[in-house]
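A.B. asks: Structure below; questions to follow.
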Amino acid sequence: MAVDSSTPDQISVPRWHSPLAVRPRLIASSALMLFLELALIRWTGSNVVHLSYFSNFVLLGSFLGIGIGILRSSRARRLPYYSPIMLGLLVAVIAWKPVTVNRGSDSSVIYFTSLNTTGPPTWVILPIVFVAAAVILAGPAELVGRCFAELPRLTAYRYDLIGSLLGIVCFTGLSFLGAPPIWWGAIVTITFLVLMVPQQKATATALSAALVAAPLLVMVGVLFHESTRPENSWSPYYKVQTSGFEWQGVPLLTITVNGVPHQQAIPADARLQWEPQYGLPYERANAGKAPKNVLIIGAGSGSDVAIALKKGAEHVDAVEIDPRIRDIGKAKHPDHPYQDPRVTSHIDDGRAFLSRTDKKYDLIMLALPDSLTLVNGASSLRLESYLFTQQAFESAKEHLAPGGAFAMYNYYRETWLIDRLALTAEKAFGHKPCVDKVGDNLQQAVVTVGLTEADQTCGTAWAGKTAVTPPPATDNRPFLYLFTDRIPSLYLVTLGLVLVAGLIGVGIAGGGSSYRRMRPYADLFLLGAGFMLLETKSITGFALLFGTTWVVNAIVFAGVLVAVLAAVEVTRKFKTPPMKVMYGVLAAGLLLSWVFPDSWLLSMPVGLRALVAVVIAFMPIFAANVIFAKRFTDTADGTASFGANLLGAMLGGCLEYAALLIGFDGLLIIAALLYAGAFLLRPKGSSVITT
């Protein structure tokens, strides 16, 4: 049986006068690190609209900070008071100047946001947030690194993973309860105080408490003010704000998410009078007959449900991904459609709902399902991305009753986007759809397609695709709003600056020795980059198979950590195969993922799909982490090797954007190349674990 025979780093680390022993201290530090990372992504994204579309940007800053903090831990002479100070400053600055913006200036990618710009411009606020995230996360990482110096390698890594799991579980629980950010701030503040107020002389303790508590009290004050405003509430995806008023004697309820006007709850009669286009699907489909069974995906606060009932629907399945928005509509919509006995409400992802139901519908409607946010941990996957692929339209077709129709409407901004959706419908259904463009600027459109051409009644025939119409989005490359087949310059410039900032930051923080210390661990750097791509592929794959909901996302994150922890436990307690064999298992796992893509799994029953998906997704993750654990055990400098691995994850986060060009399946090829490089760079004769 193998054991963890590695010893703590023989590096002089300043004494940490903590009331906690090293193991609970490491668990608390790791939990704080991951909880704080998730809280930053959620909170900054709710107040800086750019970050709703670039949540990966905060993640990259976090990885940079974590890597720097681990590297600093062996040479820092004081506790990282800079972290709570920067956290307090960031929260105060963003609260003072929150940002709402219009769509990006790069016309090759569309952002559905508000039409007015307030707050600092992109080039000011994004660098501030990136640098601040790095500095903030460096503090808890430094505390983690100090614990690593006191424990054997794999023992320390084991407790780091347990702490990370605890952080995910805690944040997921708060999301489930709809807890406002004051609870996030309170947990972060208490944990910082427990970890960073040492037990020593009274004056030193008081000074430490002041350095930690003062900026965090500023943060808590801001979050308390935000959390107690009556118009604010929190869903697992957004900060939701509501405001009600009357216009022309009609009660209206406006719902704003993350600083962007999102929906209006309007009585069906008024909506159809002011914007008659919302009734067009019922005129174009079913020869104008009232549909019996209607499925509405993106039901929101209920306006589209109310219209379906007004048009004579006998039953409506209303699918909405955000429970808070549904609940607001249930309580405050003037027509109270969710209380109607003809309506069944479902909190679910629309694509996942279709994959689990055998029901047939006379009309399936995509009702304004633009999410205004990305799936955490995925570079450019929006909550609604898998609703608008050719495969999704084909799935909708399979759920239509004879004579049924499929329709969608939205403010699409660009003519090419309307044509892309119409082309996708044509490919999926085999004939041209009805396309009604509304308004002089042609930004709003209604696309309706019958199960057969005889099941639709068009006003004006769609002219068909043009030379500039992009091909349909696919499940492998579900980027509906991306016009070009290249990575937009906005992303390339931003990622280039991120990498430059990372190179400079590591050099400065490491006192000039960081790169020299990490040089022997180039293979661990590549292992970190490859692992990040595997994690992204798992998140996007499970989002397709089971829905892009926050629950699926949290389960996958936790599942990845459990797989890593299992790999560590196996390596600690058992004699594992040689490194070459484990690289072979990893290669086999990557090949298995390539040979059996997610599209193949979609055809399986849900239970079998889950079992096979777990095996395919987590086999390479498990093998990769056995390799990491074996290699990490033998390193001479634990903090430098661990820091190199974490900084490699930052590179992997940048490489995720290659999916815009080659699709998510293509990330497996990049991961395979990174792991091949790690295999070639591994020290020969390493990873011998004594028994």
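The values are calculated or read from the model by the stated rules, or taken from the named source; none is laboratory data. Not measured: the values here are computed from a predicted model. Counting neighbours? That spans all protein chains shown, and the Cβs are built from the backbone with ideal geometry, glycine included.
A.B. asks: Listed residues Leu674, Leu651, Leu647; which is modelled with pLDDT of 95 or more, touching a helix residue (DSSP H, G or I) at 6+ places or on another chain (Cβ under 6 Å) and within 27 Å of Leu137 (Cα to Cα)?
C.D. replies: Numbers: Leu651 fails: modelled with pLDDT of 95 or more; Leu647 fails: modelled with pLDDT of 95 or more.
Checking each option against the conditions leaves just Leu674.
A.B. asks: Mind checking which pairs have a first residue in segment 601-617 that is more than 22 Å from Leu668 (Cα to Cα) and a second that is surrounded by 14 or more Cβ atoms within 10 Å (Cβ to Cβ) and aromatic (Phe, Trp, Tyr), Cβ under 9 Å, 6 or more apart or different chains?
C.D. replies: Close Cβ pairs satisfying both conditions: Val606/Phe546.
A.B. asks: OK, next. What is the number of the single condition among (1) touching a Ser or Thr at 6+ places or on another chain (Cβ under 9 Å); (2) free of Cβ contacts under 8 Å to residues at least 40 places away in the same chain; (3) over 22 Å from Ala285 (Cα atoms) that Ala473 does not meet?
C.D. replies: Among (1) touching a Ser or Thr at 6+ places or on another chain (Cβ under 9 Å); (2) free of Cβ contacts under 8 Å to residues at least 40 places away in the same chain; (3) over 22 Å from Ala285 (Cα atoms), the lone unmet condition for Ala473 is (2).
A.B. asks: Moving on to the next point. Quick one: would you say Val447 is in contact with a strand residue (DSSP E or B) (Cβ under 8 Å, 6 or more places away or on another chain), aliphatic (A, V, I, L, M), without any contact (Cβ under 8 Å) to a residue 60 or more places away in the chain and outside any helix (DSSP H, G or I)? Walk me through how you get there before you give the answer.
C.D. replies: Values: in contact with a strand residue (DSSP E or B) (Cβ under 8 Å, 6 or more places away or on another chain): yes; aliphatic (A, V, I, L, M): yes; without any contact (Cβ under 8 Å) to a residue 60 or more places away in the chain: yes; outside any helix (DSSP H, G or I): yes.
Yes: the conditions hold for Val447.
A.B. asks: Please enumerate the residues belonging to segment 14-27 that are over 17 Å from Tyr81 (Cβ atoms) and either at pLDDT below 65 or among the aliphatic types (A, V, I, L, M) (or both).
C.D. replies: Scanning segment 14-27 gives Leu20, Ala21, Val22, Leu26, Ile27.
A.B. asks: Has segment 53-63 got at least one residue that is under 20 Å from Gly638 (Cβ atoms) and over 17 Å from the mean Cα position of the chain (by Cα)? Write out each step before concluding.
C.D. replies: The first filter runs over segment 53-63 and keeps only residues under 20 Å from Gly638 (Cβ atoms), leaving 63.
So of that shortlist, the ones also over 17 Å from the mean Cα position of the chain (by Cα) come out as none.
Within segment 53-63, not a single residue is under 20 Å from Gly638 (Cβ atoms) and over 17 Å from the mean Cα position of the chain (by Cα).
A.B. asks: How do the pairs read when you match residues in segment 255-279 that are β-branched (Val, Ile, Thr) with residues anywhere that are surrounded by fewer than 22 Cβ atoms within 10 Å (Cβ to Cβ) and not in a strand (DSSP E or B), using Cβ under 6 Å and keeping only pairs 6 or more apart or on different chains?
C.D. replies: Val260/Ser114
A.B. asks: Tell me which of these Arg516 doesn't satisfy, since it passes every other one: (1) buried (at least 16 other Cβ atoms within 10 Å of the Cβ); (2) outside any strand (DSSP E or B); (3) among the charged types (D, E, K, R).
C.D. replies: Condition (1) is where Arg516 drops out.
A.B. asks: Starting from segment 203-222, take each residue that is within 15 Å of Ser83 (Cβ to Cβ) and list its partners that are of a type in the set (Phe, Trp, Tyr) and part of a helix (DSSP H, G or I), counting only C-beta distances under 9 angstrom and pairs at least six apart or across chains.
C.D. replies: Val212/Phe192; Ala213/Phe192; Leu216/Phe192
A.B. asks: Sticking with this structure for a sec: Out of the residues in segment 222-248 that are among the polar types (S, T, N, Q) and over 21 Å from Ala186 (Cβ atoms), which is surrounded by the fewest Cβ atoms within 10 Å (Cβ to Cβ)?
C.D. replies: Here the answer is Gln248.
A.B. asks: If we scan segment 145-166, do we find a residue that is small (Gly, Ala, Ser) and closer than 18 Å to Ala554 by Cβ?
C.D. replies: Yes, segment 145-166 contains at least one residue that is small (Gly, Ala, Ser) and closer than 18 Å to Ala554 by Cβ.
A.B. asks: Got a sec? Which of Thr448, Thr474, Thr460 is modelled with pLDDT under 90 and among the β-branched types (Val, Ile, Thr)?
C.D. replies: Result: Thr460 is the single residue among Thr448, Thr474, Thr460 that is modelled with pLDDT under 90 and among the β-branched types (Val, Ile, Thr).
A.B. asks: Then there's this: What is the residue count in segment 325-341 for residues that are among the charged types (D, E, K, R) and closer than 19 Å to Leu366 by Cα?
C.D. replies: 1
A.B. asks: Go through segment 241-349 and tell me which helices (runs of 4 or more DSSP H), entirely inside it, have 2 or more residues that are at pLDDT 90 or above and touching an Asp or Glu at 6+ places or on another chain (Cβ under 7 Å). Steps first, answer last, please.
C.D. replies: Values: elements: 268-274, 280-284, 303-310, 323-332.
It comes to 303-310.
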